[in-house]
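Asks: First the structure, which I've put down as structure tokens, then a few questions once you've had a look.
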Amino acid sequence: MMNYLKTDIGVKCPITGTIGFGPMGTLSQSKMDFVDAHAYWEHPSFPHKAWDNKDWKIENQPMVDHPAHTTLWSLGATRVADKPFTVTEYQHPAPTTSRPNAYR
């Protein structure tokens, strides 16, 4: 697709495919003009029905208490040497007990 966009259509802007997700995703994205990543700490989980806006939960764990699982490790592992790198989605949920006044 990237070859088609650049060669056949003449697109000049940098192109990426999708996010680098895990080693194989990052490897495939390393062939693009830049690599993108997303990271979410304590992304909501949906215990019964996917994306149910009335039935979800957040584990409520401060990142500082779980340094081996922080979002920065996954972002760092997605970075490819000599390639521009973007993070187009990043979030920490609120409210949590570690951020009780986040939206006051």
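Asks: Within the set of pairs 6 or more residues apart or between chains, which connect a residue that is within 22 Å of Glu59 (Cα to Cα) and open to solvent by less than 30 Å² (accessible area, probe 1.4 Å) inside the stretch 17-44 to a residue that is among the small types (Gly, Ala, Ser) and modelled with pLDDT under 90 with Cβ atoms less than 8 Å apart?
Replies: Filtered contacts from the stretch 17-44: Ala39/Ser74.
Asks: What number goes with the only condition from (1) exposed (fewer than 14 other Cβ atoms within 10 Å of the Cβ); (2) touching a residue at least 60 places away in the same chain (Cβ under 8 Å) that Ala81 does not pass?
Replies: Evaluating Ala81 over (1) exposed (fewer than 14 other Cβ atoms within 10 Å of the Cβ); (2) touching a residue at least 60 places away in the same chain (Cβ under 8 Å) leaves (2) as the failure.
Asks: Any chance you could count how many residues in the stretch 1-60 are among the aliphatic types (A, V, I, L, M) and assigned to a loop (DSSP other than H, G, I, E, B)?
Replies: Here the count works out to 6.
Asks: If you don't mind, there's one more thing I want to ask. Contact list please: Cβ distance under 6 Å, first residue in the stretch 45-73 and within 20 Å of Glu89 (Cβ to Cβ) and among the polar types (S, T, N, Q), second residue open to solvent by less than 50 Å² (accessible area, probe 1.4 Å) and part of a loop (DSSP other than H, G, I, E, B), pairs at least six apart or on different chains.
Replies: Thr71/Trp41
Asks: Which of (1) assigned to a loop (DSSP other than H, G, I, E, B); (2) touching an Asp or Glu at 6+ places or on another chain (Cβ under 9 Å); (3) at pLDDT 85 or above is the odd one out, the single condition Thr88 does not satisfy?
Replies: Only one criterion in (1) assigned to a loop (DSSP other than H, G, I, E, B); (2) touching an Asp or Glu at 6+ places or on another chain (Cβ under 9 Å); (3) at pLDDT 85 or above is unmet by Thr88, namely (1).
Asks: Another question, then. When residues of the stretch 1-16 are filtered for being open to solvent by 60 Å² or more (accessible area, probe 1.4 Å) and either touching a Lys or Arg at 6+ places or on another chain (Cβ under 9 Å) or free of Cβ contacts under 8 Å to residues at least 40 places away in the same chain (or both), how many remain?
Replies: Qualifying residue count for the region: 9.
Asks: Give the residues of the stretch 12-61 that are within 14 Å of Leu75 (Cβ to Cβ) and of a type in the set (Gly, Ala, Ser), sorted by residue number.
Replies: Gly20, Gly22, Gly25, Ala37, Ala39
Asks: Looking only at residues that are under 13 Å from Gln29 (Cβ atoms) and among the hydrophobic types (A, V, I, L, M, F, W, C) in the stretch 54-80, which one is farthest from the chain's Cα centre (by Cα)?
Replies: The extreme case among them is Val80.
The values are calculated or read from the model by the stated rules, or taken from the named source; none is laboratory data. This is a predicted model, so every value here is computed, not measured. FYI the Cβ positions are ideal-geometry reconstructions off the backbone, even for glycines, and counts take in every protein chain you see. Side chains included, ligands, DNA and RNA excluded: accessible areas come from the protein's heavy atoms. Shrake-Rupley method; radii C 1.70, N 1.55, O 1.52, S 1.80 Å.
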